[in-house]
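Scroll down for the structure; my scribbles are underneath it.
The values are calculated or read from the model by the stated rules, or taken from the named source; none is laboratory data. None of these values were measured; they are calculated from a predicted model. Here the Cβ positions follow ideal geometry from the backbone for every residue, glycine too, while neighbour counts run over all protein chains shown.
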Amino acid sequence: MSVIIILLIVSISIAGGFLFAFLWSVKDGQFDDDQSPAHRILFDDKKIKK
Amino acid sequence: MITNKSTSDRITSCFHCGGDCPSQNISLGDKYFCCNGCKSVYEILNENDLCTYYNLNKNPGVDQKREIRKDKFQFLDNEDIKKKLIQFTNGKQTQLTFYLPQIHCSSCLWLLENLHVLDAGVITARVNFPNKELFISYEEEKTTLRNIVETLTRIGYEPHLSLQEISSKELHKTDRTRWYKIGVAGFCFGNIMLMSFADYLAFNNQVDLKIKLFFNAGSILLSLPILFYCATEFFVSAWHGIKNKFLNIDFPVALALLITFIRSLYEIFSGIGNGYLDSMGGIVFFMLIGRWLQSRTYQTLSFDRDYKSFFPIALNVIKDGCITPIEISKIRQNDLIQIHSNEIIPVDTMLSKGHAKIDYSFVSGESLAVEIKIGDMIYAGGKQLDGLLELIVLKEVSQSYLTNLWNNPVFNKNEYRKENVYDIIGKYFTYVVLLIGIGAGMYWKIQGQNTLMWNAITTVLIVACPCALLLSQNYTNGNIIRIFSRNKFYLRSPDIIEKLTKINHIVLDKTGTLTQSNTSNLRYAGKVFDVSLKTAIASLVKQSSHPISQLIFEYLNCPDVDDVVHYKEIEGLGIEGWVNEHHIKIGSIAYVGGEFVAEKSGSKSVLMIDGEVYGDFMVSNKYRFGVTKLLASLKKKYTLSLLSGDNDAEIQNIQELMGKDSEIYFNHSPQQKLDYIKRLQHEHNLNVMMVGDGLNDAGALKQSDVGIAVADTRNNFTPSSDGIIDGAKLPVLDQFILFAIAGKKIILLTFAVSVTYNIIGLYYAVQGTLSPVIAAILMPCSSISIISLTYGLSAWVSNFYNMDQKN
């Protein structure tokens with residue numbers, strides 16, 4: 001039965017990884033502006049000549 | 001590609017901003033523009049290969065009819081002022097954030113983020129769309145702050161630079177704690193659930209002791225961050241309430257959380273069971289989401305503007321023949337200042353040079369511009385309409401007539417959230433639950449079963465937690481705020497919804513609220529005149545810069561004018577002159593003379609041609625579309641009054657609109673408006689809603705229970721208020737109020753549903769037999785069903801109040 005303990009530790013650490021990723025993205029400001037990225041991705045990448 | 005099909009249209013629309021072109025004179029190739037401003041923006045973008053701007057959206061620009069003078073941003077060269085605007089600099093690189101109210105579409109985003117094409121010194125430019133902010137970092141060697149601002153202005157995005165944003169740099173901070181809390185609560189709740197599940201599904205407690213120990217330890221560990229981090233706001237709020245001597249809705253919630261935690265610890269350590277830690281986590285998680293939904297108020301709108309955000313940062317001061325920009329707070333008495341067209345005068349001054357025509361509509365509510373003679377006083381807040389002025393400063397900014405209003409204690413009062421209806425329900429709910437708990441406990445005590453007594457008391461408190469009330473309140477209000485904002489009615493906070501339902505008196509402002517600001521209707525009544533006479537009248541009125549003359553000129557709509565001889569203008573009375581052998585005289589009855597019976601005094605000008613009275617021109621305000629209907633509907637439910645800073649020319653119209661029972665006051669100063677609201681509240685015990693638009697309403701808006709500001713365009717600046725409504729949506733204000741009342745009913749209904757859940761739970765609880773399994777199933781089920789019920793109901797009900805569901 002002790003395998004369940006190992007499985008649980010694994011699952012919690014995976015979840016913890018996601019939690020960390022979420023907190024990181026919040027700290028990075030990804031949730032501050034939920035509108036511009038949606039537009040930004042549609043722009044052509046073509047660099048504009050100066 | 002969007003092609004320009006406008007040539008086939010009857011009215012050509014501007015390629016840049018989409019506005020109507022008065023003529024087809026301004027064009028470039030096959031593209032037409034409404035004004036030279038729009039054309040020059042197009043030229044700049046075209047030269048720099050930035051025309052993708054026009055491909056992303058049709059007519060993305062903002063109209064450029066207002067010309068901006070060249071040295072407007074000279075003050076940005078001043079190091080002191082610059083220092084206050086920037087966020088960071090190391091001498092080489094500088095960073096700052098601009099507020100650009102014009103940002104509205106993806107074209108804006110694209111163009112602004114390609115700013116480096118227009119100004120090589122810009123390193124990065126990044127738009128924050130919901131906040132309408134542009135973050136810029138630039139190299140000091142290659143460009144200057146003034147250059148960047150001028151470039152932005154040239155392409156139609158003039159940054160809003162104001163004192164208020166300078167004095168509070170907090171504008172750029174966003175609160176992310178709620179996100180962290182939701183993330184942590186979700187993680188902990190999910191994993192506690194995972195571990196509790198094994199226990200629920202095991203029959204006859206067959207779980208291995210070692211595993212059980214591990215699960216319990218894990219649950220406790222994971223519940224700690226929930227209680228000590230995620231749920232802190234409930235404890236803090238409850239404590240604040242107790243300190244202010246009232247029990248708010250957070251109190252029973254905090255109590256239930258605490259008891260759940262202690263009881264669970266007791267159960268786990270004494271080996272009786274597994275406790276209710278999973279339910280506790282779930283409740284906190286759902287409540288945090290509810291709070292987040294509810295607090296998603298709109299950051300783009302600032303509800304706390306005072307006079308500072310309307311005033312410029314610096315003024316041009318003339319000293320020893322030199323013009324230097326000086327920061328507004330450093331302007332002293334007797335300084336000589338310069339004001340250009342369309343600029344706001346931020347201090348009380350005396351006119352020393354120039355032709356002053358001041359628009360006071362924003363500060364006093366007067367609908368017509370005022371002409372001022374040299375040596376007369378100009379009050380702070382007036383806007384010069386046309387031409388350059390030199391003014392002598394009489395009082396510093398902080399002491400001027402207008403800013404005095406903000407010294408009123410109303411503006412310094414830091415309002416603590418008052419007890420609302422849900423707090424009261426929560427309070428009684430707590431009493432009842434405590435009573436049931438103690439009753440059940442007493443029963444078991446008498447029966448001599450001490451353990452069951454404690455079981456009963458604690459489970460009752462855990463099960464009957466009014467979380468459902470808090471949930472339904474948060475989710476319903478969150479949804480109502482969202483539906484309101486889709487309909488262009490933006491509230492400062494969800495508490496306002498509840499306040500809206502309690503209103504019983506409505507006070508309205510006239511200029512800019514009931515009427516459209518800056519537009520007046522002119523009516524002519526009298527004999528018809530032919531084209532040559534019409535041209536003659538137009539030629540005469542063109543000579544005068546009096547606002548009424550200009551209205552008449554616009555009304556006549558004559559392209560050509562003739563010469564006027566012996567032109568004479570008598571200030572405040574009228575004008576006369578000879579055009580094409582006709583003697584024309586326009587002015588007040590006293591001035592023109594002749595037998596003409598006046599129906600009512602006010603803004604009326606009599607027209608006399610060659611000694612014969614032809615008729616009269618009457619200026620009346622243009623009321624907003626739908627105002628009649630709105631007032632008729634409001635009249636039925638509420639008592640109304642009108643406060644205006646304007647003269648009483650419109651009294652008959654207003655009386656008709658508002659009905660006989662309404663109180664109507666004209667010539668009210670901002671202070672008088674504030675006092676009037678105070679009187680209504682204290683002497684008549686009324687809950688007052690104030691609807692206004694200008695700075696002159698600022699005091700009244702603040703004093704009233706609900707202050708609603710009316711804004712006409714997206715970029716309009718409104719004074720501090722509880723809510724902002726789009727001018728076009730004002731006619732359905734009554735629907736908004738009715739919807740808010742319906743929202744309150746929804747909350748109470750869903751609460752009743754949750755009480756049913758509670759009774760089922762209590763049935764087991766008082767017997768002391770509620771197993772964690774039932775609690776674990778009952779609690780999330782009730783939460784989720786409450787959430788979907790309140791969300792669905794509020795969306796469905798909104799249909800009955802003609803609310804738009806889409807953006």
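Worth pointing out:
- When B:Ile226 is tested against (1) in a helix (DSSP H, G or I); (2) modelled with pLDDT under 85; (3) under 23 Å from B:Tyr200 (Cα atoms), just one condition goes unmet, and that condition is (2).
- Looking only at the range B:445-486, residues that are closer than 30 Å to B:Ser794 by Cβ and more than 46 Å from the chain's Cα centre (by Cα) come to 0 in all.
Conditions (1) touching a Pro at 6+ places or on another chain (Cβ under 9 Å); (2) crowded, with 19+ Cβ neighbours inside 10 Å; (3) assigned by TED's automatic domain parsing to the domain that holds B:Ala468, marked per residue:
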position: B:Phe228; (1), (2), (3): no, no, yes
position: B:Trp239; (1), (2), (3): no, no, yes
position: B:Lys245; (1), (2), (3): no, no, yes
position: B:Ala254; (1), (2), (3): no, yes, yes
position: B:Gly271; (1), (2), (3): no, no, yes
position: B:Ser279; (1), (2), (3): yes, yes, yes
position: B:Arg291; (1), (2), (3): no, yes, yes
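- Yes/no for B:Glu683 being at pLDDT 85 or above and either not assigned by TED's automatic domain parsing to the domain that holds B:Thr511 or not hydroxyl-bearing (Ser, Thr, Tyr) (or both): yes
Table: residues versus (1) at the interface with chain B (Cβ under 9 Å from one of its Cβ atoms); (2) surrounded by fewer than 13 Cβ atoms within 10 Å (Cβ to Cβ); (3) touching a strand residue (DSSP E or B) at 6+ places or on another chain (Cβ under 8 Å).
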{"residue": "A:Val3", "(1), (2), (3)": "no, yes, no"}
{"residue": "A:Val10", "(1), (2), (3)": "no, yes, no"}
{"residue": "A:Ser13", "(1), (2), (3)": "no, yes, no"}
{"residue": "A:Gly17", "(1), (2), (3)": "no, yes, no"}
{"residue": "A:Ala21", "(1), (2), (3)": "no, yes, no"}
{"residue": "A:Lys27", "(1), (2), (3)": "yes, yes, no"}
{"residue": "A:Phe31", "(1), (2), (3)": "yes, no, no"}
{"residue": "A:Gln35", "(1), (2), (3)": "yes, no, no"}
{"residue": "A:His39", "(1), (2), (3)": "yes, no, no"}
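- All positions within the range B:230-273 that are among the acidic types (Asp, Glu) and within 16 Å of B:Leu288 (Cβ to Cβ): B:Glu233, B:Asp250
- One residue from B:Leu152, B:Leu96, B:Leu134, B:Leu111 being within 15 Å of B:Asn48 (Cβ to Cβ) and either within 12 Å of chain A (Cβ to nearest Cβ) or part of a strand (DSSP E or B) (or both): B:Leu111
- Within the range B:116-131, tally of residues that are away from chain A (no Cβ under 11 Å) and either in a strand (DSSP E or B) or under 32 Å from the mean Cα position of the chain (by Cα) (or both): 4
- Exclusive hit being among the small types (Gly, Ala, Ser), touching a strand residue (DSSP E or B) at 6+ places or on another chain (Cβ under 6 Å) and either crowded, with 20+ Cβ neighbours inside 10 Å or modelled with pLDDT of 85 or more (or both), set B:Ser603, B:Ser644, B:Ser620, B:Ser633: B:Ser603
- Selection of helices (runs of 4 or more DSSP H) fully inside the range B:430-546 by the criterion of at least 2 residues being in contact with a helix residue (DSSP H, G or I) (Cβ under 9 Å, 6 or more places away or on another chain) and at pLDDT below 80 returns B:450-463, B:467-486.
- Selection status of B:Ile220, of a type outside the set (D, E, K, R), under 23 Å from B:Phe187 (Cα atoms) and in the same structural domain as B:Phe189 (by TED's automatic domain parsing): yes
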